[in-house]
Every structure is written in C-alpha cells, then in structure tokens.
Amino acid sequence: MASFDLTTPKGRRHAYLDYLWKDHAYLRVGFQNAHWVGDNLIRTNQPWPFQLKWWRDHFGVKTIINLRGGGYPTSFYLLEKDACAKLGLALEDFAVSSREAPTKEQVLGAIDLFNRVQYPAVMHCKSGADRAGIMSVLYAHLHLGLPLREAVKELSFRTLHVKAGKTGVLDYTFERYFAEGEPKGLSFVEWVQTPDYDPVKLKAEFQAGMIGSFLTETLLKRE
C-alpha cells in the first residue's frame, strides 16, 4: 500500500506506471468496450480516471460499479477510488467471477445492488466482457424485466466475451436453467434458490474448448 501512496507525486506516479503495464491499461486509453444496457447503465472495461470524469460530465453518471472486488492495495482500485472521491461519484464494489457460476448470494445481491444505486451508472470489470457480461444479463432480466432469453445476448462476442473458453461457464449457467429450471415453471431467481442449483457442480460439468481457452487464458490473459 505504501508504494502506491497517492498523496505523494512519487507514489501516484508509481501507481500509474503499475496500472499502465501490469493492469494493461495502455490497451484501454482509446478503447472502452462500452455499451448501454437500457437507458441508465453503461457496461465497460476498467476506466481510467479521466474516463470516469468524461462519463460524469457527458451523461451525468452518479455511480461506478466495480465488479473486480474492492479493498485491495492495487493500483487500479486505489486510482479509481481516489478519482471517484474527487469527482463526487459513488463507488460500489461487487465482486463476481468470470470462471465460476454465480452463487445464490451473488444473484440476490445483484438484485439489491441494482435496486439501490443511483443512476445513471457505469459498471465495469477489467475487460468489460465476462463479469460485466453476466451482470448485464442479470440487470437486463431482473431490473429491466427483459426475458432471459433476450437478456443473455449481453454475453456475446460483440463485447469480446468468449463462450468457448473457461469463461463459457457463465453461458452454461443459463443453458442449464433453460434445460432444468424453465421447464418446471421456475424463474431464474427461484431456480438458483433450489437445492438443484449447485455452482460448484456446474463448473465441474462445463467443458471449455481448447481454442477458446487459449484465447482467454494465454492470448487475452483474461482476469
């Protein structure tokens, strides 16, 4: 934490250099992988502080939803927290995984999150593809009321999500619901609260493709 002391020029410079290279932020200077989900939520990759200001000034964004987890002395988190405080933006930390089926607690927590934050909001993970994807599915379905079969389109290669890799377990979660929960007349929320829903078992059952795994794990180095 001391090495990223943002109260000193040296510490802030160190944080930006770490952010630039170790977090691959140089790839996101001009590419945000940004897409609107409804009228009040933007999904995107990890934003730079200057991009947070742009979203606030141009669209009146009030809340930033960080899906990478919070409270860690990482450069990305410290810079984001510092920028939000200076810009008057609320920062919500809601950690989800890109390679595991969501837990019941995460699904129910997402409902609460989307109901209580101030909008417009920006929601991001690192690449804006996988964690932002599944949370956008939940937002579109559970908050906006879109049919789940339409909402799952938020998990697509259009936003650089790779279904064939290990991140495809997110798609597999909804495929199992359509095969098991929907025929029983259960909503997705009802299904994840039944004993039949087992995130650990879903992950074990899912088989990632070799090429897809190469893309997500080796080439793209997805978080």
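Computed from the coordinates by the stated procedures, all read-outs in this text should not be read as laboratory data. Here the structure is a predicted model, which means the values were calculated and not measured. So basically every Cβ, Gly included, is an ideal-geometry build from the backbone, and we count neighbours across all protein chains shown.
Give, in nm to one decimal, the length gained when the segment between residue 175 and residue 158 is fully stretched (0.36 nm per residue of separation minus the Cα-Cα distance). Walk me through the numbers before you get to the answer.
Values: separation 17, 0.36 × 17 = 6.12 nm, distance 1.92 nm.
Net length gain for the segment: 4.2 nm.
Return the ratio Rg/(2.2 N^0.38 Å) for segment 61-120, where Rg is computed over Cα atoms only. Intermediate results must be reported in sequence, preceding the final value.
Details: Rg = 12.5 Å, N = 60, 2.2 N^0.38 = 10.4 Å.
It is 1.20.
Across segment 30-160, the mean sequence separation of Cα contacts (distance under 8 Å, 6 or more residues apart), normalised by length, yields a relative contact order of 33 percent.
Rounded to the nearest 500, what is the 222 nm mean residue ellipticity of the chain from helices alone, with -39500 (n - 2.57) per DSSP H run of 4+ residues and division by all residues?
Numbers: 10 runs with 86 residues, N = 223.
Computed mean residue ellipticity for the chain: -10500 deg cm²/dmol.
Could you give the length gained on full extension between residue 194 and residue 53, defined as 0.36 nm per residue of separation minus the Cα-Cα distance, in nm?
Values: separation 141, 0.36 × 141 = 50.76 nm, distance 4.25 nm.
Stretched fully, the residue 194-residue 53 segment lengthens by 46.5 nm.
Percent relative contact order of the chain, based on C-alpha pairs within less than 8 angstrom and at least six residues apart? Intermediate values should be presented prior to the final figure.
On the way: 339 pairs, mean separation 44.0, N = 223.
Result for the chain is 20 percent.
If I take R0 = 45 Å and measure r between the Cβ atoms of residue 29 and residue 108 in this structure, what FRET efficiency does the formula 1/(1 + (r/R0)^6) give, to the nearest 0.05? In this case the efficiency is close to 0.80. Altogether, the Stokes-Einstein calculation at 37 °C and 0.692 mPa s, with the Kirkwood radius of segment 73-175 over Cα pairs as Rh, returns a diffusion coefficient of 226 µm²/s. Overall shape of the chain was characterised from the C-alpha gyration tensor. The equivalent ellipsoid obtained from it has semi-axes of 31, 20, 15 Å, in decreasing order.
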